[in-house]
């Protein structure tokens, strides 16, 4: 049993509040345990300079934590005058994860920016951001499909993310902050609805890990991500879910 | 009648959700119409260098908007690498307003940082931030009073804020974004529970205003701020309200 | 009597030296007591990107203090690598004040930048900058009117500024640095020749102020600004003064 | 066969020139194919503020590419005024990898900075930097052990790194730039001499990858890293190699 | 004859207004032709970190141009967020020139910052700054000598500066902007009262210059600097002049 | 005899390794004693905005030192977020020196950027950079002449650089770091193959220097630069050497 009473293969409770922001083209407020993130999708009818004229769209992400999202207040990056390495690493990760399931040609020459703002942090902020941002993006893209009458649905598959780690020698799913801070191995996994890996980022700074541990962690992650994708489906509703499934030629999950 | 059906002297509905953040010493989520701001108070047992050794505390504020708080997405100031002039002006204003009702000697050599993060903007974000930040600060200071057994209560009085302006030649209270963008005169007022002015900031860039207009606007603001202070009292509850009143030697509001 | 022998309703001596800079399209060196500011107006035949194609002009201002304008040397903002909040607040104020009396349509698609550089500071640097910048701008605009043969005179009215404050419980006009640093209430007022308010910025961080105090301060400010406008008229000479008056349909001041 | 004639499980030729810099406490010039990196280790008898007083040392890394290390010249980050996200991500990775095999208590309160400057880039610059930086660090630490007469040898094990990826549907070892730019899956692996994972970073932005592909890539990476560690041993010479092996209680590699 | 009627070996008229700033420990307003610079000296009873504890003082300089000092307005470096290369080069030059005639041991552990702010530019702003800054510094140091009762006079000698160049194949002294912009060779020279060189900076970007031209330019510069030093003596007055001369054991200039 | 056994008029050994970088249009690795610099030339078929449409080319330079090029590690300018004054001064100098021997009209509307990265520093890094950069640039320009079939050879003459200084009262050629740090006078000279001066930068911060000393230093510099130019000729080979000589109408050096 873990400190919050969960089994090693159990995720924290998940709540996804949709249409959280009245201005954004897509938005959710996602809570995974006490980690809470606002994800908004902004659609713009232009692409960054390096993408111009290729007939393709672009998806990018920005990530930030409110100063007091954490136990101790962090100085704002705007006040410091620069983004930290951790922030840059996370927003690059979120962007890659989202693009892995988007058909940029089908999207057409427009861009979607996903803003992931962490309101409260308790471990797993980057994986929660990815899971939430997918939903916000799906709402926004579904709206584009209707408004612009796109012929091909630009989302290839569902995609979710979770963290796993070795805490007190036990591989565990969905670490909270307390667990994360004493984990010897820490891994973030991003996976599609079809069960393929988009990202595997495992680090054993405090203690290198064996192949056997890696295998156990990946299995836990797969379970957790399937559960996250079921939450995404519930939040998006049956119609959008069906359209994504059809685009991915995937059989309905039972 | 205004576009949203209000009278010229009527504020929008106000909701103050207290203890919104599990880490902060004081926090609220304040909604004034569709303007929504998270205010958190962080207490630190040290003061900035310029205040050291004076036996006095310090109160300061930071203000930010999520990129998609607005109709059109704004670039993050962290990504730009600097705070804009508007942000700096607003956070200086919030800090001055809060300090005007705090007895810094009674607070002792510690500092309180109020973070005001606008989740959704629909006019009046700076005045809503001030009104909400007062409540978050009061929770934090009341906790210090208990934890540190302070002899003198460090809050002198209630303090709230509202915007007023001249819209289509009519002085109006608590402008929403649509009204604000067509107002010829725009004024933000900060006032104490005792009805004294802390800040009066009126600007008539598009059309200078007469003394008569100024008088009407100030009267509207006074009404609005009294209403905001009643919301603050309800959010803080009778005990803290009583302690602030006693410190200000003010008679109870009926 | 005040520390420098003035009455409470008396301004310091004012000197405006015109055509102070041989390169600028308009320039003055303004001295109000020991506060000394160089104001230059630069005309450019283009507008900022956000104004393009609207057939309107733009007026903006920048403000800076030489490092040793003050009793203690201040680090240069260029060396710090960023503008401080106070600087940004002041240059936004100067810009708004100037634009309030300029007909941007009549000016045509060109921009005027007013640089206000404080050579020596002794209180009231922002109000002195506004008063001086108006004169530099008027010279520059009058030159444009001639050079480009404009049909409509783009200046609507005179506009000046002064500070007022409550010093040792007495409302006083045009505070010097010593007075300013012990004032409990500090207010900057910008007013047109027709006696309408452009900006009212009063702050009572150290002590909130009553409505009666506000009224007294506004009355003092009005007197002071009328006196500043008479100095502006003298500096600009009868011809330009006449052209501005005619454009504002204002009767000649006696 | 690959475009440069290698087998899929074959690394490029490796050359490690030791003592490349006359000032640094440890330094190498490492060449893996046409990728060339200068790695220098700087020892300082102090630790960063967040590590002070813990009796432990610190190891950190910085990474940079000369502007013309690449086919097209890149603007210097010093000229841009900030480090890019890719640079930050890489230097964080190098630092974690190095710390994973250093006993910071045994090192004592001193810090080692590894500078990895890419002179010429042809794929695998981050993994080559890690492999080279280990050797430079080992020289520097071995020198500290002698100079300061440390009782416990602070290096726990060898550690090397290599990239793997799926190129034209074939898992390949040690990608060059041409291969890397068309790889659908790209993975960087860091492993200890004992065959444990320090970092696994796989990304399938262009095409998610299956568990079977992941397994093949990890097997290739293990082979490649063992080969890199043999090059490190040769560069460090038998004495330092023996001391590291003894510290890791590892049997001699045959 | 030159475009402004001067002989090739003639400087422009020089005016040095002393005690120009009421706050600074030393200050002048120097005009050389239409080039006008305010130089202020600030004394602080501390030295920069790298000088601490050596019992020596420090002299440094900062240089800036008002945006409209030039024919076309220049963007402020504070607004750009960084100092340009030209500015840095000039302020390093001014600092070295001033330190060359100051006995830093005799000055004691205190620092003097010379701010050179160009009000109007017409060629020779860096040499005019050096000549003016010497006078401001001498007033400040003379004051320190009295206030702190220093035993040894810390100024070794007079020091002045001028520009020379080859304009239309004729070596000329003290170029104005028009001449400077068409000069093929441009040289700035700093020299002591004793006739020794402190700095010689000649550049022939547009046309390399011969040894004969170099010799002619150096001779012109010597004449010009002697004339500048006479102006410095007149501005400082006979007492300070006498104290500097005595410290340099130099015979009185006739 | 000097500390490293050289005569006062003797340079350190020079090695120029050509074609050091496989990507750059021209590149050398130059070693002057223990000072080692990589110089690469990048050709781009466009010019900076301020040069557009004039039918002329542009040559510019950037300079940087690896953090551990020096005895004590220097913080990276990219990490500091800005270029230092010394760096800016040096890169401006290198750029001017290179442009002095390039016919920008003959080069045509394209630009060449010379990157000078100091791998190891032991005095004379700026002069070594200039000498090496000339060779890298000559390779790049010679390639342009062939590829674009230019009619007029764009290099006017050879150009090299060396430092001289007064060490222990003796004028010396080509100072190493130890000598440089105790030199009272320090001078960098840039000269063409025809023996004309491009830059003379002498500074006597610690002790002003006489005209006689200046003359001795210039004579030493001339000898040293002739020797550097012979090394450049050897590195470029007889064909390119001949083409440059022919362009400069200079007789062959015996």
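Values in this text are rule-based calculations from the coordinates and carry no lab data. Please read these numbers as outputs of a predicted model, since none were measured by experiment. All Cβ positions, even for glycine, are placed from backbone atoms using ideal geometry, and neighbour counts span all protein chains on display.
Quick notes
- Residue A:169/residue D:86 FRET efficiency (R0 45 Å; Cβ-Cβ; nearest 0.05): 0.80
- Per-residue average of Cβ from other chains inside 10 Å of A:112-125: 3
- Relative contact order (%) - the range B:181-254, alpha-carbon pairs under 8 angstrom, separation at least six: 24 percent
- Antiparallel content of DSSP bridges confined to the range E:14-249, in %, to 5: 85 percent
- Other-copy label distances relative to residue D:226, 7 angstrom Cα-Cβ extension, nm: 3.5, 6.4, 8.5, 8.5, 9.8
- Stokes-Einstein D for the range A:14-249, Kirkwood Rh over Cα pairs, 4 °C, 1.567 mPa s (µm²/s): 71 µm²/s
- Whole-angstrom Cα spans of the range B:158-254 along principal axes, big to small: 45, 25, 19
- Inter-chain Cβ neighbour average for residues E:83-91, partner chain, 10 Å: 5
- Rounded to whole Å, sorted largest first: equivalent-ellipsoid semi-axes of the range E:71-192, Cα gyration tensor: 31, 19, 11
- Relative contact order of the range F:33-105, defined on C-alpha pairs under 8 angstrom at six or more residues apart (%): 37 percent
- Structure-based [θ]222 nm, the protein assembly as shown - -39500 (n - 2.57) summed over DSSP H runs of at least 4, per residue, nearest 500: -11500 deg cm²/dmol
- Among B:51, F:65, F:137, the order by Cβ neighbours within 10 angstrom, fewest to most, reads B:51, F:65, F:137.
- Degrees, to the nearest 10: B:211-248 long Cα axis against longest axis of chain B: 30 degrees
- Looking down the axis that turns chain F into chain A, the chain F residue with its beta carbon nearest that axis, and the gap rounded to whole angstrom, comes out as F:81, 5.
- Projecting 7 Å from Cα along the Cα-to-Cβ direction, the label point of residue D:184 sits 3.7, 6.7, 6.7, 7.5, 7.8 nm from its equivalents in the other copies, listed shortest first.
- DSSP-defined beta bridges in the protein assembly as shown - what % are antiparallel, rounded to 5: 85 percent
- Put simply, the protein assembly as shown fits an ellipsoid with semi-axes of 52, 52, 31 Å; these come from the alpha carbon gyration tensor as the roots of five times its eigenvalues, largest first.
- Using alpha-carbon coordinates, inclination of helix B:125-147 to the longest axis of chain B, degrees: 10 degrees
- Sorted from closest to farthest, the other copies place their residue B:105 label points 5.2, 5.2, 5.9, 7.6, 8.0 nm away, with each point set 7 Å from Cα along Cα→Cβ.
- Using a Förster distance of 30 Å, the FRET efficiency for residue A:184-residue D:249 (Cβ separation, nearest 0.05): 0.95
- The calculated FRET efficiency for the pair residue E:207 and residue A:72, based on their C-beta separation and a Förster distance of 51 Å, comes to about 0.20.
- Using C-alpha pairs below 8 Å separated by at least 6 residues, the relative contact order for chain E is 21 percent.
- Placing pseudo-labels 7 Å out from each Cα toward the beta carbon at residue C:219 and residue D:151 gives an inter-label distance of 8.5 nm.
- Over the range F:171-222, the Kirkwood radius and the radius of gyration, each from Cα atoms, give a ratio Rg/Rh of 0.96.
- For D:182, E:143, order by how many other beta-carbon atoms lie within 10 Å, fewest first: D:182, E:143
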